[in-house]
Amino acid sequence: EATCITEMSVMMACWKQNDFNDTPCAEEIRMFYDCVAKAEKERKNQNEDTMSSRGNLPSSKVNKLLKRFPQITRYI
């Protein structure tokens, strides 16, 4: 899922308006990096919630991953 798209767009628009100079776009850059840090923290917390106490994935998550990434059954 895409996150921080709005913040990235605002930052890039600022760069374009200012000939790709970071100084006038410091606030936009900070907002983008804050958004990325928040999204990474949320993703990490979500991943920790899916792991069991021993660090193993529950069977439902394993089955979902196996369906998403099936094994190659023949060689090309």
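The values are calculated or read from the model by the stated rules, or taken from the named source; none is laboratory data. From a predicted model like this one, the values you see are computed outputs, not experimental measurements. We place every Cβ from the backbone using ideal geometry, glycine too, and count neighbours over all the protein chains shown. With ligands, DNA and RNA removed, areas are computed over all heavy atoms of the protein, side chains included. Shrake-Rupley method; radii C 1.70, N 1.55, O 1.52, S 1.80 Å.
Below are the figures for this structure:
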| item | result |
| --- | --- |
| Residue check, Ser59 small (Gly, Ala, Ser), modelled with pLDDT of 80 or more and open to solvent by 70 Å² or more (accessible area, probe 1.4 Å) | yes |
| Segment 24-36 residues that are in a helix (DSSP H, G or I), paired with ones that are open to solvent by 80 Å² or more (accessible area, probe 1.4 Å) (beta carbon under 8 Å, 6 or more apart) | Ile29/Asp22 |
| Filter pass, Glu48 being modelled with pLDDT under 85, of a type in the set (Asp, Glu) and part of a loop (DSSP other than H, G, I, E, B) | no |
| Boolean, Ala39 is open to solvent by 60 Å² or more (accessible area, probe 1.4 Å) and either within 30 Å of Lys61 (Cβ to Cβ) or modelled with pLDDT under 95 (or both) | no |
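Per-residue answers, yes or no, for (1) basic (Lys, Arg); (2) open to solvent by less than 60 Å² (accessible area, probe 1.4 Å); (3) at pLDDT below 95:
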| site | (1), (2), (3) |
| --- | --- |
| Cys4 | no, yes, yes |
| Ala13 | no, yes, no |
| Asp22 | no, no, yes |
| Glu27 | no, no, no |
| Cys35 | no, yes, no |
